[in-house]
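The values are calculated or read from the model by the stated rules, or taken from the named source; none is laboratory data. Bear in mind the structure is a predicted one, so any value in this text is a computation, not a measurement. Here Cβ is always computed from backbone atoms with ideal geometry, including for glycine, and neighbour counts include all displayed protein chains.
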Amino acid sequence: MNCALVHGSLQGYILVALLLFVIGLATVLIRRSLLIQFMGIELMLNAANVALLAFARYRGGDVQGTVFYLFIIAVAACEAAVGLALVVALFRLRHTTDSDRADALRQ
Amino acid sequence: MHATYWLIPLLPLLGAGLIGLLGRKLGKPTVAVLGVGVVALAFGLTLHAFLAAGSAPDHRIETLSFTWMSTGNLQVPMGLVFDPLSALMALVVTGIGALIHLYSVGYMWEDEGFARYFAYLNLFIFFMLCLVLGNSLPLLFVGWEGVGLCSYLLIGFYFETDYAPAAGLKAFLTNRVGDLGVLIGMMALFAHFGTLTIANLLRQVGHLSPEVGFGVLTFATLMLFVGACGKSAQIPLYIWLPDAMAGPTPVSALIHAATMVTAGIFMICRLAPLFQLAPITLTTIAWVGGITALFAATIGLVQRDIKKVLAYSTVSQLGYMFMGLGAGGFSAGFFHVFTHAWFKALLFLGAGSVILAMHHEQDLFRMGGLRSKLPITFWTMLLATLAIMGFPGFSGFFSKDEILYLAYLKHPALWIIGVLGACCTSFYMWRLMALTFWGEPRDHHAFEHAQESPWTMTLPLAVLAVGSVLVGYLGVPEAFGGHFAIGRFLEPSLTFGQAHAHAGHREGPAILLALVSTVLGLGFGLFGFLSYRSGLAVAEARGARFPLLHRILLNKYYVDEGIELCILGPTRALGRFLWQVGDVIIVDGIGVNLPAALTRLAGDLVSLFQTGRVRNYALGMVLGTLAILWIFFK
């Protein structure tokens, strides 16, 4: 079985991915600035990427995992473009990037 | 050729459809030609069918086209029947109908609803012909309901007034009571005989065993008679007919005097073999008819509205017809339908001519002296008055005399009631004539402007006047050396080949009875004429002498008030109770508003979670995801 990871064990990678994800989630849930929340989202996406690549290597260079990672990168780029555009639009309208003040759905 | 007879009812329907849909675009002259034309054409075809039926075997033509209803053991074919009874009635409907259509052209010319009026009137003729010519009870019933509808529409024709729609509604609702009777009667007949085709029904009655069928027949015929009471305005369902005078006067002449209100009598004649076997029903009919005849005539004595007098007169005359039917004289009753159609239509049309000349004044006490102003109207109405009072030689004399004679054979008390009614008839008719045409004009302004009506109105008057005088000779009773020809003519329809339907004994002092009733009638006519010829003074003095009687008659025996108190009041209270408790509290409150309030409360609670903040929603998603993970992987 030459499917062992080259540097370090699988658990280490998963642990890093988990940490990244929790930090990202906490950022989204705690911070109110939309830009910071965005960064949190990016962190969560990249946590998933780390996990995907770790599993791919663990399974002996599985292409599916790599392809998924590429897709997520592409989607994250699109999401960032759209999301940042929305943040800019919101700022023009409300002069703020505080997500708690963008609560028009409440009314 | 028989297929073209379908055009008889369909032509007026076509006219109604065309005028109803395109009336305003066609213009008044086209509407008038179309409206009168279709009825006149139908009259021509009916005449052809009438003659053809006379020479056909059994004096009967039946045109069948298709099976109308077919469910279970019920088979109802759609077809028209021309036999002496239905063909004669159809002639009256289309003939007098055409004359009244022509009259209406003159009478309604200035009216905004000219086209609407003719559409309704043509529709009425269609339904009336369905009623008369239909070969089955369901088709008869369709016509029965249809004429009721047209009656409602035409009574409420002046819908912008207060009273006309109310009167229409009253007529409609009162008729519903009777129609329920017709439906129950029809169902009882179907339950027992298993058919609703009139010919089959009458054929099966002949084979009925007395002990089985007697109860059913009595029940069914009594129920049918309830329906006839509603349609033909007999006690206690007569109350709608006087109010029905709110409609245009030609409508009163056509629907509420000559044709529709006689539908009840027609139906009983149509089913004569059935009624013949139900002596209890016949006795009921005779007494209800007799009492109505006298009751309505006494109310007619004091009415001030010219059309109200004629309306009560119609109720009273219909009572005579029922009295004749109840006494077993189906042909006598129908003969009176026939003669009455002529002279009562004429009286109403004459009254319409007077009303138009007086600028829509209907109060007799404001007329007077119109004899010189309206000569044609005066002379024709005079002939009609002589006919209705039973002046010897005029049509009403022969038909009423035959009925009174039969009533005497049934029960002498009925004859006395009938003669008293006839005295009242003479009195109120001569009162009407004297107040209208004799004496000093009591409304000088209207009198100055009064002038004779156009030819479209006077021509029907003249034709009807000739008929009023002459049609009686179709049925000169045997007591006066005649053969009662109309009775023999109608016999194939009324007995339907069954021997027992013919009343055997005919004895009694016929000439003496006729002499008594005629002399009394003439005397009371003269009394009425002399009382009112020179004005109102005599009448007012007499009214002051019997104030109680006068007030009771003037208020129509307080029947409307009694019905209001005993039936309408409680019904209205029940309705209000059901509305306030059943509808407002139970249905609206517990049924609808309570669930709505609960839902709103739940919504208010749940909406607390809707903060609009994206962080809270994200937290919710996370918690939800965690919960799902926990459920699946615990």
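Any idea which of (1) surrounded by fewer than 24 Cβ atoms within 10 Å (Cβ to Cβ); (2) within 19 Å of B:Asp243 (Cβ to Cβ) is the one B:Val309 doesn't satisfy?
The single condition B:Val309 does not satisfy is (1).
Count, please, the residues in segment B:584-616 that happen to be modelled with pLDDT under 90 and of a type in the set (Ser, Thr, Tyr).
2
Let's see how each residue does on (1) among the polar types (S, T, N, Q); (2) touching a residue at least 12 places away in the same chain (Cβ under 8 Å):
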{"position": "B:Thr197", "(1), (2)": "yes, yes"}
{"position": "B:His207", "(1), (2)": "no, no"}
{"position": "B:Leu224", "(1), (2)": "no, yes"}
{"position": "B:Ala233", "(1), (2)": "no, yes"}
{"position": "B:Ala257", "(1), (2)": "no, yes"}
{"position": "B:Ile268", "(1), (2)": "no, yes"}
{"position": "B:Leu282", "(1), (2)": "no, yes"}
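Based on this model, can you work out whether B:Arg600 counts as within 14 Å of chain A (Cβ to nearest Cβ), assigned to a helix (DSSP H, G or I) and within 30 Å of A:Leu105 (Cβ to Cβ)?
For B:Arg600, the condition - within 14 Å of chain A (Cβ to nearest Cβ), assigned to a helix (DSSP H, G or I) and within 30 Å of A:Leu105 (Cβ to Cβ) - is not met.
Out of B:Gly106, B:Gly54, B:Gly79, report the one residue that is within 26 Å of B:Leu464 (Cα to Cα), more than 22 Å from the chain's Cα centre (by Cα) and in contact (Cβ under 8 Å) with a residue 40 or more places away in the chain.
Working: B:Gly54 fails: in contact (Cβ under 8 Å) with a residue 40 or more places away in the chain; B:Gly79 fails: within 26 Å of B:Leu464 (Cα to Cα).
Only one candidate qualifies: B:Gly106.
In this structure, is B:Leu626 within 14 Å of another protein chain (Cβ to nearest Cβ), assigned to a helix (DSSP H, G or I), surrounded by 10 or more Cβ atoms within 10 Å (Cβ to Cβ) and not hydroxyl-bearing (Ser, Thr, Tyr)? Don't jump to the end; show me each part of the working.
On the way: within 14 Å of another protein chain (Cβ to nearest Cβ): yes; assigned to a helix (DSSP H, G or I): yes; surrounded by 10 or more Cβ atoms within 10 Å (Cβ to Cβ): yes; not hydroxyl-bearing (Ser, Thr, Tyr): yes.
When the stated conditions are applied, B:Leu626 passes them.
Looking at segment B:41-76, which of its residues are assigned to a loop (DSSP other than H, G, I, E, B) and on the phi > 0 side of the Ramachandran plot?
B:Gly72
Kindly establish whether B:Tyr158 is among the hydroxyl-bearing types (Ser, Thr, Tyr), in a helix (DSSP H, G or I) and closer than 22 Å to B:Gly352 by Cα.
When the stated conditions are applied, B:Tyr158 does not pass them.
Can you report the number of residues in segment A:76-99 which are within 14 Å of another protein chain (Cβ to nearest Cβ) and among the small types (Gly, Ala, Ser)?
Taking segment A:76-99 as the starting set, the residues that turn out to be within 14 Å of another protein chain (Cβ to nearest Cβ) are A:83, A:86-87, A:90, A:94, A:96-99.
Of the ones still in play, those that are also among the small types (Gly, Ala, Ser) are A:83, A:99.
Residues meeting the conditions: 2.
Select from segment A:25-43 the residues that are in a helix (DSSP H, G or I) and within 11 Å of chain B (Cβ to nearest Cβ) and list them in ascending order. Give the derivation first.
Within segment A:25-43, the first condition is being in a helix (DSSP H, G or I), and the residues that meet it are A:25-30, A:34-43.
Correct list: A:Leu25, A:Ala26, A:Thr27, A:Val28, A:Leu29, A:Ile30, A:Leu34, A:Gln37, A:Gly40, A:Ile41.
When the residues of segment A:24-72 are narrowed to those that are of a type in the set (Val, Ile, Thr) and free of Cβ contacts under 8 Å to residues at least 12 places away in the same chain, which ends up farthest from A:Arg94 (Cα to Cα)?
A:Val63
Give the residue that is farthest from the other protein chains (Cβ to nearest Cβ), with candidates limited to residues of segment A:44-75 that are surrounded by fewer than 17 Cβ atoms within 10 Å (Cβ to Cβ), assigned to a helix (DSSP H, G or I) and not aliphatic (A, V, I, L, M).
Ranking the candidates gives A:Thr66 first.
Tell me yes or no: at least one residue of segment B:372-387 is in a helix (DSSP H, G or I) and within 19 Å of B:Phe484 (Cα to Cα).
yes
Could you go through segment B:450-457 and let me know if any residue there is over 30 Å from B:Ile100 (Cβ atoms), at pLDDT 85 or above and buried (at least 21 other Cβ atoms within 10 Å of the Cβ). Let's see the steps before the verdict.
Let us first name the residues in segment B:450-457 that are over 30 Å from B:Ile100 (Cβ atoms), namely none.
No, the conditions are met nowhere in segment B:450-457.
List, please: which pairs have Cβ atoms under 7 Å, are six or more places apart or on different chains, and start with a residue in segment A:1-22 that is at pLDDT below 90 and end with one that is assigned to a loop (DSSP other than H, G, I, E, B)?
Hits for this filter: A:Cys3/A:Arg59; A:Cys3/A:Gly60.
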